[in-house]
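Novice: Pasting a structure below so you can have a look.
The values are calculated or read from the model by the stated rules, or taken from the named source; none is laboratory data. All values derive from a computational prediction rather than experimental measurement. Using ideal geometry, Cβ is built from the backbone for each residue, glycine included, and neighbour counts are taken over all protein chains shown.
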Amino acid sequence: MSDIEKASQDAVEAARQGEQFAVVLAAIQAAQQATPAPCQHHQAPAPQGAAGKWVAIVTAGAFLAVSLAVSMVAFAIGAVALTVCVVVLRSVFSDFTQSRS
């Protein structure tokens, strides 16, 4: 398996994981909205921890960083392949023009 094919598969897998993450977040939000309304007693609001929010932010950041890294690797591989192609074609063209002379 070539590096380009591997990078392409990694990029597809990262995109798939990003889509799965979005589905999980949507399910969590739907579950939070589906909770019954609190009773109307006057109670002091309970302190809410922000740990869940930070875990979600860090997880989203990690997925974003991985997908960005994979896409950068794919871009670098493509740039190298293009450079090699241009060098080979230049050499072939040079040989072709010299053989015609």
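Novice: Here are Val88, Val66, Val24: which of them is in a helix (DSSP H, G or I), surrounded by 10 or more Cβ atoms within 10 Å (Cβ to Cβ) and at pLDDT below 80?
Specialist: Just a single option satisfies the conditions, and that option is Val24.
Novice: Looking at region 27-57, which of the residues that are exposed (fewer than 10 other Cβ atoms within 10 Å of the Cβ) and either under 30 Å from Ala7 (Cβ atoms) or within 25 Å of the chain's Cα centre (by Cα) (or both) is modelled with the lowest pLDDT?
Specialist: If we take residues in region 27-57 being exposed (fewer than 10 other Cβ atoms within 10 Å of the Cβ) and either under 30 Å from Ala7 (Cβ atoms) or within 25 Å of the chain's Cα centre (by Cα) (or both), then Ala30 is modelled with the lowest pLDDT.
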